[in-house]
Amino acid sequence: METKYIFVTGGVVSSLGKGIISSSLACILKARGYRVTIQKFDPYINIDPGTLNPYEHGECYVTVDGHEADLDLGHYERFTNVQTTRANNVTTGRIYQSVIDKERRGDYLGKTVQIIPHITDEIKRNVKLLGNTGQYDFIITEIGGTVGDIESLPFLEAVRQLRWELGQNSLCLHLTYVPYLAAAKELKTKPTQHSVKSLQEVGIQPDVLVLRTEKDIPVNMRRKIAQFCNVAPEAVIQSKDRPTIYEVPVRMHDQHLDEIVLRKMGVEPVGEPNMGPWMQFLHKIEHATEEVNIALVGKYVELQDAYKSINESLFQAATYNDRRLNLCSIHSEKVTPENVDELLRDMDGVIIAPGFGQRGIEGKFTALRWCREHDVPTFGICLGMQCMVIEFARNVLGLPEANSTEMNPTTPDNVIDLMEEQKSISNLGGTMRLGAYDCRLRPESRAAKAYGKLDIKERHRHRFEFNNDYRERFEAAGLQCVGENPATHLVEVVEMPSKRWWIGTQYHPEYSSTVLNPHPLFLDFIKATIAYHDERCGSK
Ligand code: GLN
């Protein structure tokens, strides 16, 4: 089968969930046995989102090959169980950088370098990179932003050209919003009509419309939209708000999205997608009644998307443990020795979030001390792990000024210090220790038992590390370094065997937890929190 290209665009407003729709379609096509990948083209000028703060763009996701990526790639992996790479996320900045590099090398042979054809050609080349590998039947390309944005125009022009070149091997799915006006008690189709018009103005006729809505859209209204937008009536599909995003693939399949897409691209759908394992997961979500209470201590907790992958990993792990996740976000700047007991005493487990910089750090230490002294299951991730080490150094090893040199460059006890190879780096973008690295676990450790193996590979995003000069003192006092990089001896996992569950990872396990392959550490953590809950409150 020739590689097929599906373009996903969005209109009316941003945040409609193009990533979830793209992921859902990929999920069903994959369940039909096709080889699918999803890529995101972001119209902003940053080379990658690595330098954006979470207020701007939510979580920064990291791929196995060390690319700092848009958080939608996290959805792609969670829904498809297929790993993404640098090639799955391209920005305007990357496109321009590449064109400008070529211009400097003289590759354009004296031509005037212009948006059309040079920028659009570079976009098209990138769109087809993954397709050209021959590894995929379907490439779903999500175009970030909203139709009508100035920045999106070169991408849409590239899509227009590709559709013309690829013919039936391409398709455009447009996602719009149908608002409900409470005062008029009416759903409104006009924004959708306008948004499709904007798309048509740049030469793109959508084949499928997905309408995001809070209420059911009546059939006659869908027919009206089909007629005004030049789309087949059956290809106007609604995406109503659901209690969980993981239900969306099933709702899309109920409306035959996969069959419509396949037929439009000249493929006759055979049989039904194998959604068995996915349905079992949904069944578990629906039937989990007992709650597990987890606190997430971080400085961006008020932002919905800042810890997206952690939230989803916890949700998946709770679901597989037949529990409903009750996630309590605790702002680390607000945790004090006076209120910590009140904030944490009802928690079954605590996660100390990743992060950068001094703000909110003392709250993390306060929470960690309380958790350690009360033996609450505690999971520190990246900066969270570093905080575990610092708190232990201050309050158990008796080094009151222990710190990371990130927070205090002149600390006398630099238990967390800048990695050697980081010392000469001045550029901030793309220069951390990024991507998947090997780690070897100690056989008797809790982490090794959770993974069920000793050799693991996990994704990183940090500049600082555990200072091995202090290793013996930590180990003698009960904090074990149970995971290390076999080549560099960097400490990757610490744990306290004397505690119920006390593990810190320098890496980010949350990036690799998917619906069909939930992460073993999160599963084990939730198991421990349930046991602790039952111990305190009695099991039902
Ligand atoms: N700021 C820490 C470092 O750079 C931790 C980073 C993180 O939590 N992702 O090492």
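The values are calculated or read from the model by the stated rules, or taken from the named source; none is laboratory data. Remember, predicted model here, so these are calculated numbers, not experimental data. Note that each Cβ is placed from the backbone with ideal geometry, even for glycine, and that neighbours are counted across all protein chains shown. Calculation scope for accessible area: heavy atoms of the full protein, side chains included, ligands and nucleic acids excluded. Shrake-Rupley method; radii C 1.70, N 1.55, O 1.52, S 1.80 Å.
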Pairs where the first residue, in segment 187-207, is over 20 Å from Leu162 (Cα atoms) and the second is of a type outside the set (Ser, Thr, Tyr) and open to solvent by 50 Å² or more (accessible area, probe 1.4 Å), C-beta under 7 Å, 6+ apart: Leu187/Lys215; Lys188/Leu181; Thr189/Lys224; Pro191/Val12; Thr192/Val12; Gln193/Phe228; Ser195/Val12
Assess whether Asp413 counts as being assigned to a loop (DSSP other than H, G, I, E, B), more than 16 Å from the ligand (Cβ to nearest atom) and charged (D, E, K, R). yes
Those residues of segment 50-65 which are open to solvent by 10 Å² or more (accessible area, probe 1.4 Å), in contact (Cβ under 8 Å) with a residue 24 or more places away in the chain and part of a loop (DSSP other than H, G, I, E, B) amount to Gly58, Glu59, Cys60, Val64, Asp65
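Kindly provide the set of residues from segment 365-381 that are open to solvent by less than 10 Å² (accessible area, probe 1.4 Å) and either part of a helix (DSSP H, G or I) or within 15 Å of the ligand (Cβ to nearest atom) (or both), ordered by number. Walk me through how you get there before you give the answer.
We begin by selecting, within segment 365-381, every residue open to solvent by less than 10 Å² (accessible area, probe 1.4 Å); these are 367-368, 371, 376-381.
Residues satisfying the conditions are Ala367, Leu368, Cys371, Phe379, Gly380, Ile381.
Can you tell me which residue in segment 459-484 is nearest to the ligand (Cβ to nearest atom), limited to those that are closer than 20 Å to Asp65 by Cβ and open to solvent by less than 10 Å² (accessible area, probe 1.4 Å)?
Here is the first cut: in segment 459-484, the residues closer than 20 Å to Asp65 by Cβ are 459-463.
Now restrict to residues that are open to solvent by less than 10 Å² (accessible area, probe 1.4 Å): 459-460, 462.
Details: Arg459: 10, His460: 8, His462: 3 Å.
Checked segment 459-484; the qualifying residue nearest to the ligand (Cβ to nearest atom) is His462.
Please verify whether Arg440 is surrounded by fewer than 21 Cβ atoms within 10 Å (Cβ to Cβ), assigned to a strand (DSSP E or B), away from the ligand (no atom under 13 Å from the Cβ) and not polar (S, T, N, Q), treating the condition exactly as stated. Quick ask: steps written out before the conclusion?
Working: surrounded by fewer than 21 Cβ atoms within 10 Å (Cβ to Cβ): yes; assigned to a strand (DSSP E or B): yes; away from the ligand (no atom under 13 Å from the Cβ): yes; not polar (S, T, N, Q): yes.
Yes.
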Name the residues in segment 148-163 that are surrounded by fewer than 20 Cβ atoms within 10 Å (Cβ to Cβ) and without any contact (Cβ under 8 Å) to a residue 40 or more places away in the chain, would you? Ile150
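Being in contact with a Ser or Thr (Cβ under 7 Å, 6 or more places away or on another chain), over 26 Å from Glu259 (Cα atoms) and surrounded by fewer than 19 Cβ atoms within 10 Å (Cβ to Cβ) is the requirement here; does Asp42 meet it? Working first, answer last.
Working: in contact with a Ser or Thr (Cβ under 7 Å, 6 or more places away or on another chain): yes; over 26 Å from Glu259 (Cα atoms): yes; surrounded by fewer than 19 Cβ atoms within 10 Å (Cβ to Cβ): no.
It is false that Asp42 is in contact with a Ser or Thr (Cβ under 7 Å, 6 or more places away or on another chain), over 26 Å from Glu259 (Cα atoms) and surrounded by fewer than 19 Cβ atoms within 10 Å (Cβ to Cβ).
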Restricting segment 485-502 to residues that are in contact (Cβ under 8 Å) with a residue 60 or more places away in the chain and away from the ligand (no atom under 16 Å from the Cβ), the one surrounded by the most Cβ atoms within 10 Å (Cβ to Cβ) turns out to be Trp502
Segment 317-361, subset within 15 Å of the ligand (Cβ to nearest atom) and not in a loop (DSSP other than H, G, I, E, B), residue surrounded by the fewest Cβ atoms within 10 Å (Cβ to Cβ): Ile361
For segment 284-313, enumerate the residues that are open to solvent by 10 Å² or more (accessible area, probe 1.4 Å), assigned to a helix (DSSP H, G or I) and not polar (S, T, N, Q). Lys284, Ile285, Glu286, His287, Lys308, Glu312
Just the residues that are part of a helix (DSSP H, G or I), without any contact (Cβ under 8 Å) to a residue 60 or more places away in the chain, open to solvent by less than 10 Å² (accessible area, probe 1.4 Å) and away from the ligand (no atom under 12 Å from the Cβ), please, taken from segment 382-410. Glu391
Where residues in segment 39-49 are farther than 15 Å from Thr85 by Cβ and assigned to a loop (DSSP other than H, G, I, E, B), which of them is modelled with the lowest pLDDT? Ile47
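How many residues are surrounded by fewer than 24 Cβ atoms within 10 Å (Cβ to Cβ) and either touching a residue at least 12 places away in the same chain (Cβ under 8 Å) or not hydroxyl-bearing (Ser, Thr, Tyr) (or both) if we restrict to segment 12-25? Explain how you work it out, then say what you get.
Residues of segment 12-25 surrounded by fewer than 24 Cβ atoms within 10 Å (Cβ to Cβ): 12-17, 20.
Retained after the next criterion (residues that are either touching a residue at least 12 places away in the same chain (Cβ under 8 Å) or not hydroxyl-bearing (Ser, Thr, Tyr) (or both)): 12-14, 16-17, 20.
Of the residues in that region, 6 qualify.
Taking segment 503-534 as the search range and keeping residues that are part of a loop (DSSP other than H, G, I, E, B) and within 16 Å of the ligand (Cβ to nearest atom), which one is surrounded by the most Cβ atoms within 10 Å (Cβ to Cβ)?
Going through segment 503-534, the residues part of a loop (DSSP other than H, G, I, E, B) turn out to be 506-508, 513-519.
Then drop every residue that is not within 16 Å of the ligand (Cβ to nearest atom), which leaves 506-508.
Values: Gln506: 31, Tyr507: 27, His508: 20.
Among residues in segment 503-534 that are part of a loop (DSSP other than H, G, I, E, B) and within 16 Å of the ligand (Cβ to nearest atom), the one surrounded by the most Cβ atoms within 10 Å (Cβ to Cβ) is Gln506.
Every residue, every condition in (1) modelled with pLDDT of 95 or more; (2) under 12 Å from Ile38 (Cα atoms); (3) in a strand (DSSP E or B), yes or no:
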residue: Glu77; (1), (2), (3): yes, yes, no
residue: Val82; (1), (2), (3): no, yes, no
residue: Ile95; (1), (2), (3): yes, no, no
residue: Ile100; (1), (2), (3): yes, no, no
residue: Leu109; (1), (2), (3): no, no, no
residue: Thr112; (1), (2), (3): yes, no, no
residue: Pro117; (1), (2), (3): yes, no, no
residue: Ile123; (1), (2), (3): yes, no, no
